There are 2 protein chains.
Amino acid sequence: MTVSRAGGSAIGLHRVLEPEGVLPQQALRLDASPVPWPDEVVVDVERLNLDAASYRQLRERHGDGAAVRAAVLEIVAARGKMQNPVTGSGGMLLGTVREVGPDSPLGLKVGDRVATLVSLTLTPLVITDGLSDWDGLGEQVPCKGTAVLFGRSIAAVLPEDLPEELSLSVLDVCGAPALTDRVVRAKSARSVCVIGGGGKSGSLSLAAARAAGASRVVALVPTRGEAEAVRAAGLADEVVIADARNPLAVAQAVGEPVEVTVVCVDVAGCEHGAVLATAAGGTVVFFSMATSFSAAALGAEGLAADVEMLIGNGYVPGHAEFALGLLRTTPGVRALFEARERQTAKP
Amino acid sequence: MTVSRAGGSAIGLHRVLEPEGVLPQQALRLDASPVPWPDEVVVDVERLNLDAASYRQLRERHGDGAAVRAAVLEIVAARGKMQNPVTGSGGMLLGTVREVGPDSPLGLKVGDRVATLVSLTLTPLVITDGLSDWDGLGEQVPCKGTAVLFGRSIAAVLPEDLPEELSLSVLDVCGAPALTDRVVRAKSARSVCVIGGGGKSGSLSLAAARAAGASRVVALVPTRGEAEAVRAAGLADEVVIADARNPLAVAQAVGEPVEVTVVCVDVAGCEHGAVLATAAGGTVVFFSMATSFSAAALGAEGLAADVEMLIGNGYVPGHAEFALGLLRTTPGVRALFEARERQTAKP
C-alpha cells in the first residue's frame, strides 16, 4: 500500500471516519472536508449523475420530488458521500478542478472540467446549495458543492471537441473497449463476438476488436431493428440475432466458435451461451454486472469448456482517451450513440 | 456445436426431455436410459457424493434419514438426475465403466473405476437398489444404478497407488492447481500469494505455484494453527496470518504486492483484499464460489487497480492427473490432506 509521507493513503483511508480500518467504499461515513491532502484533488461539483438503481429505489420509497431531494441531502450529510444505503450504489459526478495537492499523480490542473470515473460510493462529497436547482424528478442532479479525488483515483478531462452528453455517455462504458483491445491484441485473436453488440459498451467493443486486428467480428443482438442499426453502422463483419440467454440459440447464431467473446448485455443468464460461442483455448470477457460468478464457473466446468473467463475490470489505464478516440475515428460508433441519445431524450 | 452423425450432441442435448432446447444442467428432466449413444459412456454407479449444500437442505426439510432417502429417490426418479430443486446443486459419483460407445473421446475402457468431475446436475442417473444400503444420515450415498457420460464430459480414472478417499479429495479441487500452473507460467510470475493456502485447493495451488517457477510463494491463512501446519508442510516461502475479508489486513500481511493472487477461501468478501495484494499488471484468480462478480469488478475500479481478474474455471485439460501428480511428489501437500482427513473422519 502506498502511504504518503504526510500520513495519507492513495486510496483514501485517511478519509474514513467510521468504522475504522475499512476502505472508503465500505465506510459508513467519510471526512468530506474540501481541503486537499498532499496527493488529493478538490473539485467544484456541477452535477451528480445518480446510479439508475439508486434513483429508482429513492423514487419508489419517497414518492414526490421534494422528498427524494431531501433523502439525497440527508444521505450525503450523514455519510459524507452519495451512497444509497439500500442499493449500495452511487453514480458519478461532473465538475471543475478547484485545487490540486502538490503530490497528486492524476495530472489535473485547476480549471479542468472533469468527470469522475470512480463511483460516488467512495467519493467524499459536500453539498452546499441544498440541491435547490433539482426538482428530484430525474437522475441528473444539478448541484453545488465539493468532492475529493484521492491519489489513486480516476477522472477524465471532458474533451472540448465533443458534446458533453456524448462524452459522458462514452466515459460511462470506457472500460469495455479498452479491455477488449488488450485481450484481442494479447491473444492475437482473429475472431471476436460481442454479445450485445448494439449497445454502448458493445458498439465500442466491436470497434475496438476490429482496430485491434480481428478479421471476423461478429455482433450478436436481440432484435431485427438492432441488427439493422449495427449493419448500417458497419461495425461488424457478421450481425446475428439471438436471445443471449439461450445458450443453444447463441451457439447456433455464432456458428464457428470465436477466439474471444465479449459479453456486454446487462441481463442475467448469458454465461452459458458465451461459453458455448467460444472456441477451446479462447477467452470470454464478462462486462455485464448481471453476470453470475457461479453460473460462469460451473457452466464452463459442466460443458468441459477450456476457456479463460475474465471479470471485466472497469479500469484499464488510458481507457477514457481510448474510448473517446474510437468514437472520434469510427463514424458508425458515433452514429449509434447519437441515435441512442435521440431515443432517450425527453420530448 | 459438435453434433455426431447419429444425431447426438457432445454436450448431451439429445438426453434433454423437458423443456426442449435447454442444456442438460438446466433441464427439468433427462432421459437417463443406460444405453450409450455412439459418443457416450455408461457407468455402473457405486456411490454418490451429494453436494454439501444440497444434503443440508434435504436434511433440514425432511428430518430423519428414511425421509431424506425417499426424497433423493423421488428427485432422481422424477428428473433423471440428482439435482436438488431447491439448491440447484448436485454432487459427483464413483463407479465402474460398463460400456463405452464407439465414438467416445474420453479414453475410458470397460472396468475402469472412475469419479465424475462434472456435476450430478447434468448427469443422467438411474437408481436400481432403492438406496437400501444408505441410512440417509450422510452425504456419502452407497448406490446401485447407472449413469451416463457425454462425449464432452470429464471423468478421472481412480489411481491404484492412492487411497480412494485421498484421490477423491484431490479430484474435488483439481481445477485450482491446474489453472494456477497455467497462469504462473503464462505470466512468468515470480511472486504468488494463495489466500486460503492451508485448505485443499489452497495447498495444491501453493505447490503448483512453486513447481511453475515462482520464487516468492506466500500463503495467507486465518489462524496461527493453520499457519503452523502450512509452515511445517514447507509449501510456502512466507506464511502470513490475516482475515481474508479485511482488505487492509490482507494488504499489510502480504506486504510487497504479488504478481499473481489465487483466492481459495470459501467465504464472501475476499475480493478487495485480493485486489490490494496484487501488483499493477498482475492477475487475481478467483476459485471461491463465494466470489461476487460485482464486488470484484467494482472493487478493482474503485481502487483504480489495473489487475486482470479470472473466474476460476474448474476445467483445465489434464487437471486431474496434474493434481494427483502434485500430491504424489509433494510430501507437504499429502501431509495436509491426510491431517484434514483425520480431522473430519468420524470417531
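Odds and ends about this structure:
- Residue A:265 being assigned to a loop (DSSP other than H, G, I, E, B) and touching a residue at least 60 places away in the same chain (Cβ under 8 Å): yes
Quick grid of which residues meet (1) within 14 Å of chain A (Cβ to nearest Cβ); (2) among the small types (Gly, Ala, Ser):
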position: B:201; (1), (2): yes, yes
position: B:219; (1), (2): no, yes
position: B:230; (1), (2): no, no
position: B:233; (1), (2): no, yes
position: B:249; (1), (2): yes, yes
position: B:254; (1), (2): yes, no
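- Inspection of segment A:108-121 finds a residue satisfying the criterion of being modelled with pLDDT of 95 or more, surrounded by 16 or more Cβ atoms within 10 Å (Cβ to Cβ), closer than 12 Å to residue A:42 by Cα and not charged (D, E, K, R).
- Each residue in segment B:22-52 was checked for being small (Gly, Ala, Ser) and either open to solvent by 40 Å² or more (accessible area, probe 1.4 Å) or part of a strand (DSSP E or B) (or both), and 2 pass.
- Residue pairs meeting the criteria (Cβ under 7 Å; at least 6 apart or on separate chains; first more than 30 Å from residue A:303 (Cβ to Cβ) and open to solvent by less than 10 Å² (accessible area, probe 1.4 Å), in segment B:131-153; second assigned to a loop (DSSP other than H, G, I, E, B) and of a type in the set (S, T, N, Q)): none
- Residue under evaluation residue B:176, criteria (1) over 21 Å from residue B:340 (Cα atoms); (2) aliphatic (A, V, I, L, M); (3) within 14 Å of another protein chain (Cβ to nearest Cβ), criterion not met: (1)
- Test: residue in segment B:288-295 that is β-branched (Val, Ile, Thr) and within 19 Å of residue B:174 (Cα to Cα): yes
- Qualifying residue in segment B:312-319 (condition: in the same structural domain as residue B:202 (by TED's automatic domain parsing), in contact (Cβ under 8 Å) with a residue 24 or more places away in the chain, in contact with a strand residue (DSSP E or B) (Cβ under 7 Å, 6 or more places away or on another chain) and crowded, with 22+ Cβ neighbours inside 10 Å): yes
- Flag if residue A:89 is buried (at least 16 other Cβ atoms within 10 Å of the Cβ) and in contact with a Ser or Thr (Cβ under 8 Å, 6 or more places away or on another chain): yes
- Hits in segment B:256-302 (condition: of a type in the set (Ser, Thr, Tyr) and at the interface with chain A (Cβ under 8 Å from one of its Cβ atoms)): B:291, B:292, B:294
- Flag if residue A:267 is within 21 Å of the chain's Cα centre (by Cα) and modelled with pLDDT under 95: yes
- Of all residues making up segment B:253-291, the number that are surrounded by fewer than 18 Cβ atoms within 10 Å (Cβ to Cβ) and in contact with a Leu (Cβ under 9 Å, 6 or more places away or on another chain): 1
The values are calculated or read from the model by the stated rules, or taken from the named source; none is laboratory data. Everything numeric in this text was worked out from a predicted model, so none of it was measured. Heads up, the Cβs are rebuilt from the backbone with ideal geometry, glycines too, and the neighbour counts pull from every protein chain shown. Please note that ligands, DNA and RNA were not included when accessible areas were found on the heavy atoms of the full protein model with its side chains. Shrake-Rupley method; radii C 1.70, N 1.55, O 1.52, S 1.80 Å.
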